[in-house]
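Nothing in this text is a laboratory measurement; each read-out follows from the coordinates by a stated rule. None of the values given here were measured: they were computed from a predicted structure. Note that each Cβ is placed from the backbone with ideal geometry, even for glycine, and that neighbours are counted across all protein chains shown.
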Amino acid sequence: MFADRAMNQLLPVCFPTVSFFFAAFMMVAGHSLAQKELDTGTFVPAMEEISPGVFKIGKIRLDKTKRSVTFPGKLNMAKDLIEYVLVTPDGSTHESLLTAEIQPTDLQFVMLLLDAKGAGLLAPQPDAAPPGQINAEYLKTAPRLKGDNISIAVAWKTQDGSEKIVPLEDLLMHEETKKPAPRGPWLYNGSMFGADGKFLAQQQGCFISVVTNPAALINNPRKGSDNDRIWAVNEKQSPPVGTAVEISITLLPGSSETK
């Protein structure tokens, strides 16, 4: 099936060793790695083709033709400085614009199916794992990250019932310029494994970071990603806290790196 072929083709070029990736990934993903356990004790893929080329994996929808994934989230902050754009409910919610209840391992799995390679062999080694709390001192020497170009859009229903869709950048504001973040690609670096063998995106619950963080699946390649005091929520564009949103990620040609 599609998932089996994609995994066979992609995993050898995504991480240093396939066996290490599988062992670590299965440990952190558990039942959520696109599988579910039946009462009989057997396993079947939790991937369902809902229309030609469109698959549902848990709460994530994968469109093979559009090279995109879509999943539900929630507006978590409507003002103040942020370090993250998207985390799990168990992540750093006090400094994140959005939250989503999907798992980082699930998103990584689906992005691999889209042929995202992330940082691959260029991912930081385990001994270069970032601290649990990113701070100004770490950002001074944070590694430059490389990965696939992606675009990210956020959609929600307005009070009059119409749908509003904006690039993720429009929901962010640069504190010094008082302007939205420059439009353009984000960087899918695919996180990394720590010295203990744990997949850091899953361990820390981080999907998208606006400051350089190798643990996050997605990073900000714009100037200012080395400053944890200049990115804030764009109050003029953001819906109220608690608003249900739909987050879409599209894999683009080419690659980027953090500044």
Packing-based order for 84-90, 210-216, 118-124, 64-70, using average beta carbon neighbours within 10 Å, highest first: 210-216, 84-90, 118-124, 64-70
Zone of residue 79's modelled label, taken as backbone nitrogen in the stretch 202-240 under 18 Å from a point 7 Å along Cα→Cβ: 230-240
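For a Förster distance of 22 Å, can you work out the FRET efficiency between the beta-carbons of residue 195 and residue 115, rounded to the nearest 0.05? Let's see the in-between values first.
Numbers: r = 29 Å, r/R0 = 1.32.
Taking R0 as 22 Å, the efficiency between residue 195 and residue 115 is 0.15.
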Estimated inter-spin distance, residue 178 and residue 138, nm [label 7 Å along Cα→Cβ]: 3.2
Gain on full stretching of the segment that runs from residue 166 to residue 50 - 0.36 nm per residue minus C-alpha separation: 39.2 nm
log10 of Debye I(q)/I(0), alpha-carbon scatterers only, for the stretch 193-259 at 0.11, 0.25, 0.27 Å⁻¹: -0.37, -1.22, -1.21
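Hey, fewest Cβ within 10 Å first, where do 175, 137 land in order?
Neighbour counts put them in this order, fewest first: 137, 175.
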Cβ-defined net charge surrounding residue 209, 13 Å radius [Lys, Arg +1; Asp, Glu -1]: -3
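What does the charge count near residue 144 come to, summing +1 for each Lys or Arg and -1 for each Asp or Glu among other residues with Cβ under 11 Å from its Cβ? Don't skip to the answer; put the middle values down first.
On the way: positive: 146, 259; negative: 226, 257.
Computed value for this residue: 0.
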Qualifying aspartates and glutamates (Cα of each under 17 Å from Cα of residue 164; at least 8 residues distant if same chain): 235, 246
Extension gain, residue 236 back to residue 252 (0.36 nm per residue minus Cα-Cα distance, nm): 2.9 nm
Ascending count of other beta-carbon atoms within 10 Å, so fewest first, for 150, 218: 150, 218
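Between residue 94 and residue 159, what is the FRET efficiency for a Förster distance of 30 Å, r being their Cβ-Cβ separation, to the nearest 0.05? Don't jump to the answer; show the numbers that get you there.
Details: r = 27 Å, r/R0 = 0.91.
For residue 94 and residue 159, the calculated efficiency is 0.65.
Among residues other than residue 126 whose Cβ falls under 13 Å from its Cβ, what is the net charge (Lys/Arg +1, Asp/Glu -1)?
Working: positive: 198; negative: 127, 196.
With Lys, Arg at +1 and Asp, Glu at -1, the neighbours total -1.
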